[in-house]
1. Looking at (1) modelled with pLDDT of 90 or more; (2) more than 26 Å from the chain's Cα centre (by Cα), which is the one condition that is false for residue 114?
2. Looking at 94, 82 in this structure, which one is modelled with pLDDT under 90 and in contact with a helix residue (DSSP H, G or I) (Cβ under 6 Å, 6 or more places away or on another chain)?
């Protein structure tokens, strides 16, 4: 009788150990699966097609565009001929680097009178890769220190330059 009880005790311990191992394996699989879930991040703002449909080409001004669709992410720097709305969606899976999966660029162009002349939408597929130049301008001054440069300018000054 005692031999049967001992055998049952070992079987129960094995069953408990086996169920614990199964639970731990299940938790590890669940953790591994959740690590592969993509993380999505959205950046910026681009108006929808419905919002852009409210803009009237040749009639609406910058103020009206601001009221209808909001201020842009960027403006034309040199001649302020356009407003740029940029929206990006990035996806990261596990330890890999984030990857851009969607980009919307909306360009609202203005004529010289300040009214809307064109509205365009560009996507990630329309983009082109631009290689940046890594050239560095080398200094043409060889072996001259900052103090040497300052003292070298003293002899170049004339009295009439100091008065003016």
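1. The single condition residue 114 does not satisfy is (1).
2. That would be 94, the only listed residue that is modelled with pLDDT under 90 and in contact with a helix residue (DSSP H, G or I) (Cβ under 6 Å, 6 or more places away or on another chain).
The values are calculated or read from the model by the stated rules, or taken from the named source; none is laboratory data. Just so we're clear, the structure is a prediction, and the values are computed from it rather than from any experiment. Positions of Cβ are generated from backbone atoms using ideal geometry, with glycine treated the same way; all protein chains shown enter the neighbour counts.
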